[in-house]
Amino acid sequence: MNGARSSGVTGSSWPLSAWGANSAADCGSTLAQAHDGDMTALSGQIRVGIGGWNFEPWRGVFYPKGLAQAKELAYAASRLTSIEINSTFYGSQKPESFRKWANAVPDGFKFSVKGPRFATNRRVLAEAGDSIKRFLDSGVLELGDRLGPLLWQFAPSKKFDAADFGKFLELLPARADGRRLGHVVEVRHASFRTPEFVALARDFATPIVFTDHATYPSLADVTGDFIYARLQKGQDTIPTAYPAKELDAWARRLRIWAQGKVPDDLPRVDPAHEPQKIAPRDVFAYVIHEGKTRAPAAAMALIERLKA
């Protein structure tokens, strides 16, 4: 089980160092100084990336012409600091695939891995235990120190049921094979926009994805020890998917999150009950969905801003 209620652990379940050492390219190291205007504070690590790496329209746009497909992951990982693996949502991958992916990326790089739809796209979430176990047994742990958060994405039609959703959170193990796991949930039905859901996620120390989506609920309430954002409003008509001013704004928000604070221009459901203690948090941000062809350019532009 995950979080304070399920593991018996009180307080913060994911210390800042939980994701391991970071490379120089990762936009700031553990307990590094982060600067945002006149703000200077201890900061978590910020990793920025995209969803997947095999996308034909990226060839000749993001990937150089003639680059072998077998080298695309290594190329992407040399310019980004994280990638969200989406293929695991649709079916099991082989252990050797996870090992190959881990070997293709540099030290400090992290994958987030999407949990299978067989666990989340069901009427009774409390019955997802076998699917969750099969996923964890499929080889995902072969990513080793390249493994970041495990993302559990729910269908837009899935409504909030506190009892059943709580049972699902209970099924998410805090550890597997001796290593700690970090879980994050992405909900896409308006019924989740309620303090009861935020309180439940906070009780299990499970972060809620900030979706940055036109129709899905976007909740900036802090409920765990890391932040996970999916930036889904980019446009392929813009070379960097987002205009420069919006990229500046997102770089600022990512820094604020990493400092343990909450951006004041993002919507929250229950800000009155957020943790009072300000503690640095690691941040994972992915440019995906709309404007996918330009998503790598947006991610790289954010990384450059975060280096400044």
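Out of LYS167, LYS133, LYS159, I need the residue that is part of a loop (DSSP other than H, G, I, E, B) and either over 18 Å from ARG117 (Cα atoms) or among the charged types (D, E, K, R) (or both). Which one?
Matching residue, one of LYS167, LYS133, LYS159: LYS159.
Tally up the residues in the range 282-298 that are crowded, with 21+ Cβ neighbours inside 10 Å and not aliphatic (A, V, I, L, M), please.
Looking only at that region, the number is 6.
Go through the range 228-256 and count every residue that is hydrophobic (A, V, I, L, M, F, W, C) and within 16 Å of GLY49 (Cβ to Cβ).
7
Taking ARG180 as the residue in question, decide whether it is buried (at least 17 other Cβ atoms within 10 Å of the Cβ) and either within 17 Å of GLU274 (Cα to Cα) or in contact with a helix residue (DSSP H, G or I) (Cβ under 7 Å, 6 or more places away or on another chain) (or both).
It is false that ARG180 is buried (at least 17 other Cβ atoms within 10 Å of the Cβ) and either within 17 Å of GLU274 (Cα to Cα) or in contact with a helix residue (DSSP H, G or I) (Cβ under 7 Å, 6 or more places away or on another chain) (or both).
Report yes if ASP107 is without any contact (Cβ under 8 Å) to a residue 12 or more places away in the chain and either touching a helix residue (DSSP H, G or I) at 6+ places or on another chain (Cβ under 7 Å) or surrounded by fewer than 17 Cβ atoms within 10 Å (Cβ to Cβ) (or both), otherwise no.
Spelling it out, it is not the case that ASP107 is without any contact (Cβ under 8 Å) to a residue 12 or more places away in the chain and either touching a helix residue (DSSP H, G or I) at 6+ places or on another chain (Cβ under 7 Å) or surrounded by fewer than 17 Cβ atoms within 10 Å (Cβ to Cβ) (or both).
Would you check if GLU127 is surrounded by fewer than 21 Cβ atoms within 10 Å (Cβ to Cβ) and either touching a Cys at 6+ places or on another chain (Cβ under 6 Å) or over 21 Å from LEU200 (Cα atoms) (or both)?
no
Considering (1) at pLDDT 95 or above; (2) farther than 25 Å from ALA308 by Cα, say which one ARG47 fails and leave the rest.
(2)
Taking the range 74-88, which residues are crowded, with 19+ Cβ neighbours inside 10 Å and in a helix (DSSP H, G or I)?
ALA76, ALA77, THR88
Of all residues in the range 45-57, how many are assigned to a helix (DSSP H, G or I) and either surrounded by 22 or more Cβ atoms within 10 Å (Cβ to Cβ) or without any contact (Cβ under 8 Å) to a residue 12 or more places away in the chain (or both)?
Residues in the range 45-57 being assigned to a helix (DSSP H, G or I) and either surrounded by 22 or more Cβ atoms within 10 Å (Cβ to Cβ) or without any contact (Cβ under 8 Å) to a residue 12 or more places away in the chain (or both): 1 in total.
Condition test on THR223, is it among the β-branched types (Val, Ile, Thr), in contact (Cβ under 8 Å) with a residue 24 or more places away in the chain and surrounded by 17 or more Cβ atoms within 10 Å (Cβ to Cβ)?
So THR223 passes the test.
Does PRO239 qualify as being in a loop (DSSP other than H, G, I, E, B) and either more than 19 Å from the chain's Cα centre (by Cα) or closer than 30 Å to GLY139 by Cα (or both)?
In short, yes.
Would you mention how many residues in the range 136-156 are surrounded by fewer than 18 Cβ atoms within 10 Å (Cβ to Cβ), within 14 Å of LYS114 (Cα to Cα) and not hydrophobic (A, V, I, L, M, F, W, C)?
Count: 1.
The values are calculated or read from the model by the stated rules, or taken from the named source; none is laboratory data. Predicted model, so just to flag it, every value in this text is computed and none were measured. FYI the Cβ positions are ideal-geometry reconstructions off the backbone, even for glycines, and counts take in every protein chain you see.
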